[in-house]
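Sending over a structure as structure tokens; questions will come in a sec.
The values are calculated or read from the model by the stated rules, or taken from the named source; none is laboratory data. None of these values were measured; they are calculated from a predicted model. We place every Cβ from the backbone using ideal geometry, glycine too, and count neighbours over all the protein chains shown. Each accessible area value is taken on the protein alone, full model and side chains, heavy atoms only, with ligands, DNA and RNA left out. Shrake-Rupley method; radii C 1.70, N 1.55, O 1.52, S 1.80 Å.
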Amino acid sequence: MAARRLSGVLSRSLSLRPLSSSIVSRGKRSNLEGELRRFGTAAAFEQPITPSVRINYTQLLIDGKFVDSASGKTFPTLDPRTGEVIANVAEGDAEDINRAVSAARKAFDEGPWPKMSAYERSCVLLRFADLVEKHNDEIAALETWDNGKPYEQAAKAEVPMLTRLFRYYAGWADKIHGLTVPADGPYQVHTLHEPIGVAGQIIPWNFPLLMFAWKVGPALACGNTIVLKTAEQTPLTALYVAQLLHEAGLPPGVLNIVSGFGPTAGAALASHMDVDKIAFTGSTETGKIVQELAAKSNLKPCTLELGGKSPFIICEDADIDKAVELAHFALFFNQGQCCCAGSRTFVHERVYDEFIEKSRARAQRRTVGDPFQKGIEQGPQIDSEQFEKILKYIKSGVESNATLECGGDRLGSKGFYIQPTVFSNVQDDMLIAKDEIFGPVQSILKFKEIDDVIKRANATRYGLAAGVFTKNLDTANRLTRALRAGTIWVNCFDVFDAAIPFGGYKMSGIGREKGIYSLNNYLQVKAVVTALKNPAWL
């Protein structure tokens, strides 16, 4: 991605690139607009800012056209700041998935996309990246409105990362090739790396644009066609940027988008007999269902990026002020709605008390409010279901006798805002230490020995990511090799470069996304063996 660390992008970009005043300055504001909202003293804005961005695309995208669902049904997408309706979006189901798959199959078998030169495909992706860059602020506003994440985060980090990822995959398009293989005997052997065909993709609501890029980018670079199902909570930005892809020259039927619900549209896509591959990002429980449906239909391969309960280990030699800030970012970023969040903070007993005190103070300074307001660090949770789930976990932590250092309740009377919450004296068997909460709840545990913390960190069904904070190279090397997770961040967290692979061990998923490894998800390898007659050499 565009940044070496999301927090770095945010802090640097705020001083380098002014936000477009056209997106937010003309919106409605309450008389409290100039006040930064600290969670313990004030609620979120009663009168939220109205973004000045038009919603032009709410239909399904099938065969290059925006169309109504076959049933004519729609569903509301809601503003997490208020719970009010932003727009009504076409609700796709099995019949719409059939239409989309048929369009994708025809585009793959008969259309120009897989038959284009790789350089031509690369040019389309580069033109698309240019268009995203041009419309950066409108896309960011739409993402914030539908998702609730801070506008500054969307505009300064996530939309630029979308651009960076597509430029990265555009660069790969004409560098995909097979090998010449020596064989025992008079044979000419080479391999072909061929597009897999029609790819079904299901993306989540926490990072709609970035997950669009992680999946669509490599699939298109390899010459595939796609049927993408968006999350029902956040359907708007995928439709917007898909229109830009067609403006950039993507042929009809190559990318089809169906908005809808998991049990209907999602299940139909995962079980479709004419889909050649499925890629899913979401919960581990839903990932199991997707894999089962894929296996029971045509045994299509699956890429699964699933849940996590990532340990973040603060060693006794750590600079505590830096460790507190990084651990805070690792957990609270994106309202805590991040699959790789550092949600089990292990702190050495010698620095534990100081770390708790400073972590509590940092959480109390966290600014919470309308995500369109400048300076806001935390917006609302995605919807009422997630909101209630988080509050139940907080209640569980209190009932389990963890110490509630701060937070622990909703913020304000409207929308889905939750106070930044910190628990200390957390034990490994508590639900808040075992389950993926997916919210702004930091659980801080104490450890004494490295051997002990390795065992405890690995004692989970998940293995998506982990963080280590230490000045000792030997300690860092020991932990990076011992921790069973797909990504280990040392003295950093959430480094999401376009070239760095991402994926999990154990029940955190199958396969890798981003980087060169992601191309393997969308390619078939074919061996071609030709007999040689009287070869001059072997």
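Can you tell me which of I257, I289 is of a type outside the set (K, R), at pLDDT 95 or above and in a strand (DSSP E or B)? Steps first, please.
Values: I289 fails: in a strand (DSSP E or B).
The unique qualifying residue is I257.
So the check is Cβ under 7 Å with 6+ separation or different chains; which pairs have a first residue in segment 399-410 that's touching a residue at least 12 places away in the same chain (Cβ under 8 Å) and open to solvent by less than 80 Å² (accessible area, probe 1.4 Å) and a second one that's of a type in the set (V, I, T) and assigned to a loop (DSSP other than H, G, I, E, B)?
A402/V426
If A466 meets every condition in (1) touching a Phe, Trp or Tyr at 6+ places or on another chain (Cβ under 6 Å); (2) more than 30 Å from D370 (Cβ to Cβ) apart from one, which number is that one?
(1)
On to the next question. Which residues, counting only those in segment 470-519, are surrounded by 16 or more Cβ atoms within 10 Å (Cβ to Cβ), over 14 Å from the mean Cα position of the chain (by Cα) and closer than 24 Å to I196 by Cβ?
G486, I510, G511, G515, Y517, S518, L519
Taking segment 442-488 as the search range and keeping residues that are in contact (Cβ under 8 Å) with a residue 60 or more places away in the chain and among the hydroxyl-bearing types (S, T, Y), which one is nearest to L306 (Cα to Cα)?
Result: Y462.
Right, here's the next one. Test of understanding: among V227, V275, V258, V241, which residue is among the β-branched types (V, I, T), touching a residue at least 40 places away in the same chain (Cβ under 8 Å) and within 15 Å of W205 (Cα to Cα)?
Details: V227 fails: within 15 Å of W205 (Cα to Cα); V275 fails: within 15 Å of W205 (Cα to Cα); V241 fails: within 15 Å of W205 (Cα to Cα).
On inspection, the qualifying residue turns out to be V258.
Name the residues in segment 414-448 that are within 20 Å of N401 (Cβ to Cβ), open to solvent by less than 50 Å² (accessible area, probe 1.4 Å) and part of a strand (DSSP E or B), would you?
T421, V422, F423, S424, V441, Q442, S443, I444, L445, F447
Any chance you could count how many residues in segment 97-120 are part of a helix (DSSP H, G or I) and more than 17 Å from A199 (Cβ to Cβ)?
Going through segment 97-120, the residues part of a helix (DSSP H, G or I) turn out to be 97-109, 118-120.
Now restrict to residues that are more than 17 Å from A199 (Cβ to Cβ): 118-120.
Result for segment 97-120: 3.
Whether any residue in segment 350-367 is farther than 24 Å from N147 by Cβ, crowded, with 23+ Cβ neighbours inside 10 Å, among the β-branched types (V, I, T) and in contact with a helix residue (DSSP H, G or I) (Cβ under 9 Å, 6 or more places away or on another chain) is what I want to check.
Among the residues of segment 350-367, not one is farther than 24 Å from N147 by Cβ, crowded, with 23+ Cβ neighbours inside 10 Å, among the β-branched types (V, I, T) and in contact with a helix residue (DSSP H, G or I) (Cβ under 9 Å, 6 or more places away or on another chain), which makes the answer no.
Which of the residues belonging to segment 251-273 are under 24 Å from the mean Cα position of the chain (by Cα) and within 29 Å of A118 (Cβ to Cβ)? Reasoning before the result, please.
From segment 251-273, those under 24 Å from the mean Cα position of the chain (by Cα) are 254-271; that's our starting set.
Selection gives V254, L255, N256, I257, V258, L269.
Right, something else. Take the residues in segment 129-156 that are more than 21 Å from P371 (Cα to Cα) and either touching a Phe, Trp or Tyr at 6+ places or on another chain (Cβ under 6 Å) or aliphatic (A, V, I, L, M) (or both); name whichever of them is surrounded by the fewest Cβ atoms within 10 Å (Cβ to Cβ).
L131
Right, another one. Return a yes/no flag: does segment 188-199 have any residue that is assigned to a loop (DSSP other than H, G, I, E, B), open to solvent by 10 Å² or more (accessible area, probe 1.4 Å) and either at pLDDT below 95 or out of contact with any His (no Cβ under 9 Å at 6 or more places or on another chain) (or both).
yes
Being open to solvent by 10 Å² or more (accessible area, probe 1.4 Å), without any contact (Cβ under 8 Å) to a residue 24 or more places away in the chain and farther than 28 Å from T264 by Cα: is that true of A295 here?
Numbers: open to solvent by 10 Å² or more (accessible area, probe 1.4 Å): yes; without any contact (Cβ under 8 Å) to a residue 24 or more places away in the chain: yes; farther than 28 Å from T264 by Cα: no.
Taking the combined requirement at face value, the residue does not satisfy it.
Which one of these does G249 not meet: (1) part of a loop (DSSP other than H, G, I, E, B); (2) crowded, with 19+ Cβ neighbours inside 10 Å?
Going through the list (1) part of a loop (DSSP other than H, G, I, E, B); (2) crowded, with 19+ Cβ neighbours inside 10 Å, G249 breaks only (2).
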